[in-house]
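To keep things clear, I will list the structure first and then write my remarks on it.
The values are calculated or read from the model by the stated rules, or taken from the named source; none is laboratory data. What you see is a predicted model; the values in this text were computed from it and never measured. All Cβ positions, even for glycine, are placed from backbone atoms using ideal geometry, and neighbour counts span all protein chains on display.
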Ligand code: EPZ
C-alpha cells in the first residue's frame, strides 16, 4: 500500500502548471461517445478517475486511442453494449454520466446504481427526475438503473437542488431529444459550461450554460470535434492554499483566474497577496494567516472541493474561524486527522469552529478522500516533523503527478511503499 511521507517546514516557492479539469473531463469523455465520428480530446488529466472512465467507455465497445499522455481519440461507432457494470461505478461514481450519454444516443442505458461515498450519501433522484421528464421509463432493477425511451422529448424541468451531476447528465440526454428542453435551477460550475461547450462543438444546440437556466434544442445526431478541456480550478486552488499554508510564493500557471474568484477572495481575507495575470495567479504569504468564516456553496460560491484546503489554513491561522459545509454532509472527517496533528477544532453538525494553533506536529494520518487527502498533504508540508499519509489512492484519483509538482516547489514529499523506504527517507531528512 503506497503512502506519502512528508518532511514539512519549507515554504513552497516557484511555478506550477495546472492540468485539465478532472470533473469536466469525466462529463466530456461520456459525451464523446454520443457521435459515431471520431472525437479528439486534449488537455485530459492523466488521473485514475479519467482512466477508469476511459476503461468504462472501452468496456462497452467504444474505440479509445491514447494519442499521448493528455490527448485521447474516442470513436463511439463500435459500441455494442449499453450496460455499465458496478465495477466501474464502484471506482468512479461519474461513470453514471454514461446513462445520459447512452440514453440520448441509443434511447436505452443500464448503469449500476451508485451507492454513497466517503463524503456523503449522494442521492441521484434529480438525474432520474430529469430522464423521466424527457419521457424515459426509469426503473431500479437488481441494483441497476434501467432507462429506456421510444422517444425522448423536450421538456421544462426545475431541479429541486442545484446539482452538477444531474445538470450534466440530463443535458446530455436532452441534447439528442426531440424538441426544446428548458432546465431551471441548474449548476453553473465551469465544468458544466465546458461539457456544454464540448457538446456544442459536436453540433448540439445548448444555450445558457453558466447561468441558472439552460435551454437545449435537441439535434438528431452529433459529429466529430477537437476539443481542449479547461484547466482544473480545484487543482489550482489546492496549490494556492499550499503556498498560503507554507508561507510560500507560488504561481499557478495555465489557469482561468475568473474560475478562482471565490478561492482568491478567501486567500485575500486570510492575509495573502495575490497577483493575477491572463492565465496565471501568484499567491504570496509572508506572515501568519488570519481567521475568517467560510460557507461552501454551488458556483460561484466557495467550492466544497476547496473546503479541506481552507480548513488546514484556518487551523493554523490566528483567531477563531468557522466553516459551514452546505453541500455534503460528511466532509469534515479530515478535521479529526488534523486534530491528531494538534489542530483545535469543534464540529457541530455541518459547522466547524476552528481555533488556530501556531504549529502542527507530524503524525500518521489517513487521506480519507480526494480533497481531504490533498489538504492533509498541505498540512504535512507546513509541519516541522514527519507526516505519513495512508490511503493515497484517493489523491491519485484526481491529482496528476501530485508529489512531483510539490517537489518542484521545494516540498519534501515522497511516495513510499515499505517500512524500508520510510526509514531511508527518515535518514535522508534527519
Ligand atoms: C460534483 O459531484 C463533483 N464531481 C464533486 O467533486 C463536487 O464536490 C460536487 O459536484 C459539488 O461541486 C464531479 O463533477 C464528478 P452534485 P456531484 O450533484 O455531481 C445533492 C471531487 O472532489 N443531490 O452537485 O455528485 C447532493 O447530495 C468531487 O472532485 C441530490 O440531492 O455533486 C449534494 O448535496 C467530489 N440529488 C448536492 O446535491 C441528486 O440527484 C450537490 O451535489 C444529485 C445531487
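Data for the structure
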| quantity | calculated |
| --- | --- |
| Qualifying residue in segment 257-276 (condition: modelled with pLDDT under 95 and surrounded by fewer than 24 Cβ atoms within 10 Å (Cβ to Cβ)) | no |
| Failed item, numbered, when residue 52 is tested on (1) under 21 Å from residue 171 (Cβ atoms); (2) crowded, with 16+ Cβ neighbours inside 10 Å | (1) |
| Search result, residues across segment 29-48 that are part of a helix (DSSP H, G or I) and touching a strand residue (DSSP E or B) at 6+ places or on another chain (Cβ under 6 Å) | 32 |
| Residue check for residue 213: in contact with a helix residue (DSSP H, G or I) (Cβ under 6 Å, 6 or more places away or on another chain) and not assigned by TED's automatic domain parsing to the domain that holds residue 266 | no |
| Selection status of residue 160, within 19 Å of residue 299 (Cα to Cα), within 12 Å of the ligand (Cβ to nearest atom), under 26 Å from the mean Cα position of the chain (by Cα) and surrounded by fewer than 17 Cβ atoms within 10 Å (Cβ to Cβ) | yes |
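So that you can scan it fast, the table gives a plain yes or no per residue for (1) in the same structural domain as residue 367 (by TED's automatic domain parsing); (2) within 16 Å of the ligand (Cβ to nearest atom); (3) in contact (Cβ under 8 Å) with a residue 24 or more places away in the chain; (4) part of a strand (DSSP E or B):
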{"site": "259", "(1), (2), (3), (4)": "yes, yes, yes, no"}
{"site": "268", "(1), (2), (3), (4)": "yes, no, no, no"}
{"site": "282", "(1), (2), (3), (4)": "yes, no, yes, yes"}
{"site": "300", "(1), (2), (3), (4)": "yes, yes, yes, no"}
{"site": "312", "(1), (2), (3), (4)": "yes, yes, yes, no"}
{"site": "321", "(1), (2), (3), (4)": "yes, no, yes, yes"}
{"site": "330", "(1), (2), (3), (4)": "yes, yes, yes, no"}
